[in-house]
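Trainee: Next up is a structure, given as structure tokens.
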Amino acid sequence: HEGFEAVRAPGFALQLQGLGLFGKEKPHTAWAGVAPSPPLMHLQSKVETIARRAGCRVDARRFTPHVTLGRFTPPAFPETARLERAIAMGAAFRSDPWQVEDMVLWRSHLTGKGPQYEDLARYPLA
């Protein structure tokens with residue numbers, strides 16, 4: 001928390017771009033991607049460094065900025081093919097940009113109905 005409070009970074013614009021699926025052969029999550037953003041990647045790198053220094057375990061997988069649109073049980077093959085076609089048709093999707101003015105520390109609680117998120121702290125960007 002103290003490390004995150006010390007982060008100094010300017011606000012920046014973000015935009016959603018494209019659609020995708022997590023789960024490869026057995027898709028389970030649909031998402032909208034975030035358009036390439038050097039300021040977001042710089043902020044993510046700072047936050048990851050602070051978390052590691054504080055002794056937190058950080059995922060080894062590459063950071064993939066996205067907005068989760070939905071989670072679901074992997075469908076049977078015919079439905080998977082339809083889902084993949086629908087996602088491919090949304091490849092040109094783009095949202096209007098919006099301004100990022102703060103970062104938020106979240107806690108996720110895994111429940112039988114999916115994760116529930118709790119906002120623990122907000123850190124304003126300059």
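The values are calculated or read from the model by the stated rules, or taken from the named source; none is laboratory data. The structure displayed is predicted, hence computed values, not measured ones. Glycine gets a Cβ as well: all are built from the backbone with ideal geometry, and neighbour counts include every protein chain shown. These area figures cover heavy atoms from the full protein model, side chains too; ligands, DNA and RNA do not enter into them. Shrake-Rupley method; radii C 1.70, N 1.55, O 1.52, S 1.80 Å.
Trainee: Quick one: would you say Glu101 is open to solvent by less than 80 Å² (accessible area, probe 1.4 Å) and within 30 Å of Glu5 (Cα to Cα)? Write out each step before concluding.
Mentor: Details: open to solvent by less than 80 Å² (accessible area, probe 1.4 Å): no; within 30 Å of Glu5 (Cα to Cα): yes.
Taking the combined requirement at face value, the residue does not satisfy it.
Trainee: Every residue in region 36-93 that is among the basic types (Lys, Arg) and either in contact (Cβ under 8 Å) with a residue 40 or more places away in the chain or farther than 24 Å from Gln15 by Cβ (or both), please. Break it down stepwise before answering.
Mentor: At the first step, the residues of region 36-93 found to be among the basic types (Lys, Arg) are 46, 52-53, 57, 61-62, 71, 82, 85.
Answer for region 36-93, where residues must be among the basic types (Lys, Arg) and either in contact (Cβ under 8 Å) with a residue 40 or more places away in the chain or farther than 24 Å from Gln15 by Cβ (or both): Arg52, Arg53, Arg57, Arg71, Arg82, Arg85.
Trainee: What is the residue count in region 28-44 for residues that are assigned to a strand (DSSP E or B) and either modelled with pLDDT under 95 or of a type in the set (Gly, Ala, Ser) (or both)? Step through it out loud before you land on a result.
Mentor: To start, the set of residues in region 28-44 that are assigned to a strand (DSSP E or B) comprises 29-34.
Now drop any that are not either modelled with pLDDT under 95 or of a type in the set (Gly, Ala, Ser) (or both), which leaves 29-30, 32-33.
Residues that pass the stated criteria total 4.
Trainee: List every residue pair whose Cβ atoms lie under 9 Å apart, where the two residues are 6 or more positions apart in sequence or sit on different chains, the first residue falls within region 105-126 and is open to solvent by 90 Å² or more (accessible area, probe 1.4 Å), and the second residue, located anywhere, is assigned to a loop (DSSP other than H, G, I, E, B).
Mentor: Note: pairs meeting the criteria are Pro124/Gly11; Pro124/Glu101; Ala126/Arg8; Ala126/Ala9; Ala126/Pro10; Ala126/Gly11.
Trainee: Looking at Glu25, Glu84, Glu79 in this structure, which one is open to solvent by 60 Å² or more (accessible area, probe 1.4 Å) and not in a helix (DSSP H, G or I)?
Mentor: Result of the check over Glu25, Glu84, Glu79: Glu25.
Trainee: Mind listing whichever residues of region 33-52 are in contact with a Gly (Cβ under 7 Å, 6 or more places away or on another chain) and closer than 16 Å to Ser95 by Cα?
Mentor: So in region 33-52, the residues in contact with a Gly (Cβ under 7 Å, 6 or more places away or on another chain) come out as 33, 50.
Once the filter is applied, which keeps residues that are in contact with a Gly (Cβ under 7 Å, 6 or more places away or on another chain) and closer than 16 Å to Ser95 by Cα, region 33-52 yields only Gly33.
Trainee: To continue, here is another question. Taking interchain pairs and intrachain pairs at least six residues apart, which have beta carbon atoms under 7 angstrom, with the first residue in region 4-25 and free of Cβ contacts under 8 Å to residues at least 60 places away in the same chain and the second of a type outside the set (Gly, Ala, Ser)?
Mentor: Listed by first residue and then by second, the contacts come to Phe22/His28; Phe22/Thr29; Phe22/Trp31; Gly23/Thr29; Gly23/Pro74.
Trainee: Then there's this: Output the number of the condition that Leu40 fails; it satisfies all remaining conditions of (1) open to solvent by less than 80 Å² (accessible area, probe 1.4 Å); (2) closer than 16 Å to Asp96 by Cα.
Mentor: Unmet condition: (2).
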